[in-house]
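See structure below.
The values are calculated or read from the model by the stated rules, or taken from the named source; none is laboratory data. None of the values given here were measured: they were computed from a predicted structure. Here Cβ is always computed from backbone atoms with ideal geometry, including for glycine, and neighbour counts include all displayed protein chains. Quick note on the areas: whole protein, heavy atoms, side chains included, nothing else; ligands and nucleic acids left out. Shrake-Rupley method; radii C 1.70, N 1.55, O 1.52, S 1.80 Å.
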Amino acid sequence: MKSVAEICSDLIRFDTTNPGSGERPAAEYVATLLADAGIEPVVFESAPGRTTVVARIDGDSPDALLVHGHLDVVPADPAEWRMHPFSGEITDGCVYGRGAVDMKGSCAMTLATALDLAARGVRPKRDLVLAFLADEEATGDYGSRHAVTAHRELFDGVTEAISESGGFSVASGGHRVYPIAVGERGTAWMKLTAHGVAGHGSRPPVDNPVATLVHALSRLASHEWPVRLTPSVAALIQSLSEITGRPIDLDRLDEEAARLGPLGSLFKSQIRNSANPTMLDAGYKVNVVPSTAEAHVDGRYMPGTQEEFLETIDTLLGPKITREFVNLEDAPDAPYPSEFFDTLAGALVAEDPLARPVPYVMAGGTDAKSFARIGIKGYGFAPLMLRPDLDYFGMFHGKDERVPVEGLEFGTRVLARLFT
C-alpha cells in the first residue's frame, strides 16, 4: 500500500491548475485507489474534465461525517520555484509542489487513512463520506455547489464536516497551538463599473470614468475597517492569552498581533471586514477617454456583518459606481463550544501531548460554504504537525509550497483516532 507521502506526491504530479484542463486525471487516480481497496467511488462531472469523486464507508452509526478536500490548485510559475511545482519531489523530509498544503496533502491523508482502515478491516464508528472536489479555487460552481445540488443524496445523514485550514500546529514556547476552525468570513467578490463620457484625451474631461473609478478604489483601499469581534474570535484571543500567560489588549489588537508573531496571524485578519481591489480594466488607447472603466474587488466580511459591510462599500464607492456580485457567499459558522469540537481537540492531544487546541475563524473561504447550504456544520480540521520554521499561511498559493512527510504521517494518525 502506498504511503501518505507517495499519495501526496502522485496527486501533485497531476497538473490540476484552475483555470485549466480540469481535475479528471487526479480524480481517476483517487477513484482507482478507493476501488482497489474495496471502497466504491461515485465519479461525476459538472462539465467536461471537472470531475468530483465521492465515496461512503459504512460505520457503526449512520450519523455521517463528511471529509472533503479539493483536487484543483492555483497556478504556479516554474521559473519562481526551486524545483518544478508539479514534480511532487520528496526531498529534505518534505513533499514539494503546488497543492502540497492547499490541499493535496490533506486529500492524501484522508486517502491513506481510509485505505489503511480498509486493509485492516476496521469499521469506523460512524459513516464516513469522502469527497474529493473540483473547482474550490474558483467559485465551486463546478465542484461543491454542483455536488450539493445535483448529487444531494450522496450526503444524506451527514451532520458535520471537516476540511482544510485548521488543525495545523503553530509553535509557541513549550506548547504547540492547534487552531480548529469553527467558521470563516463571508465572500463578496464584486465587479465595479464607472460610466462616463468618451472623448479626446487632450481635452478637459467632462466625466472621466477612469478617474471616477480610481478615486472610489482609493477610498476603498484606504478605509480603516472597525474591529468586529465575534464570539469565536474572542474565545481564540482569550485562549491565546492563557497559553502565553500575558493578557492580550483588545484595544490594540493590531499591535498585539504583531507582538505575537505566528500566533497573532491566527486573528489579525479575522477581527474586521476587508475589501481589496484586485483587477482593473479601462480604455483602449492612450489619447482616448473611454466611456466605461471596470474593476474587481475581493470583499470578505465577518459572520453577522454582511448588511453593515455592503452599506459601507456603497458609501465608499459613491453614487456613480455600480457594483454586481461575481460571487456572494454567507459566512458559515459551526457550534462552539461543542462535543464535536472537543472530539477533534482530543484526537490532536492524543497524538501530541503538547497540543493546545483553540477555536479559530478562517480569513478566507472554503467549500464549507456550499455544504452549509444543506445544513452541514463545517470545521477546519486537516491535522498537520509543522516544523517551527515553516510558515503555514505562506505556503498557501506561495512559491516552493511543501509539506513535511512527518507532518502528513501525524495527520493520518490523528484522523485514524477521529474515525475509529
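Here are the numbers for the structure shown:
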read-out	value
The chain - mean residue ellipticity at 222 nm from DSSP helices (-39,500 (n - 2.57) per run, n ≥ 4, rounded to 500)	-9500 deg cm²/dmol
Proximal lysines relative to LYS369, as straight alpha-carbon distance under 16 Å, when same-chain residues fewer than 8 apart are discounted	LYS377
Square roots of five times the Cα gyration tensor eigenvalues for the range 189-297, Å	45, 11, 10
Exposure of HIS151 as accessible area (Å², to 10), given a probe of 1.4 Å and all protein chains	40 Å²
Rounded accessible area per residue of the chain, 1.4 Å, Å²	42 Å²
Of all accessible heavy-atom area on the range 254-399, the percent that carbon and sulfur account for (1.4 Å)	52 percent
Reachable lysines, given that their alpha-carbon falls under 17 Å from the alpha-carbon of LYS320 and they are not under 8 places away in the same chain	LYS191
Projected-area mean, the chain, by convex hull of Cα positions, square nanometres	21.7 nm²
Modelled FRET efficiency - R0 25 Å, SER338 with GLU45, Cβ distances, 0.05 increments	0.10
Packing rank of 154-162, 375-383, 13-21, where each peptide gets the mean count of other beta carbons within 10 Å, highest leading	375-383, 154-162, 13-21
HN-Hα J in Hz across the range 139-152 - Karplus 6.51, -1.76, 1.60, θ = phi - 60°, x for Gly and Pro	9, x, 4, 8, x, 5, 5, 5, 4, 7, 9, 7, 9, 4
Candidates GLY173, GLY346, GLY49: whichever shows maximal mean-square fluctuation once the chain is modelled as a Gaussian network with Cα springs under 10 Å	GLY173
Apportionment of accessible area to carbon and sulfur, the range 176-227, percent (1.4 Å)	57 percent
Candidate residues LYS104, LYS125: accessible-area rank, largest first, probe 1.4 Å	LYS125, LYS104
Positive minus negative residues near ALA64 (Lys, Arg vs Asp, Glu; Cβ under 10 Å)	-3
Computed accessible area, SER291, all protein chains, 1.4 angstrom probe, square angstrom	60 Å²
Residues whose placed amide H lies under 5 Å from that of SER169, excluding near-sequence neighbours	LEU384, LEU386
Protein accessible area in the range 1-114, 1.4 Å probe - carbon and sulfur %	51 percent
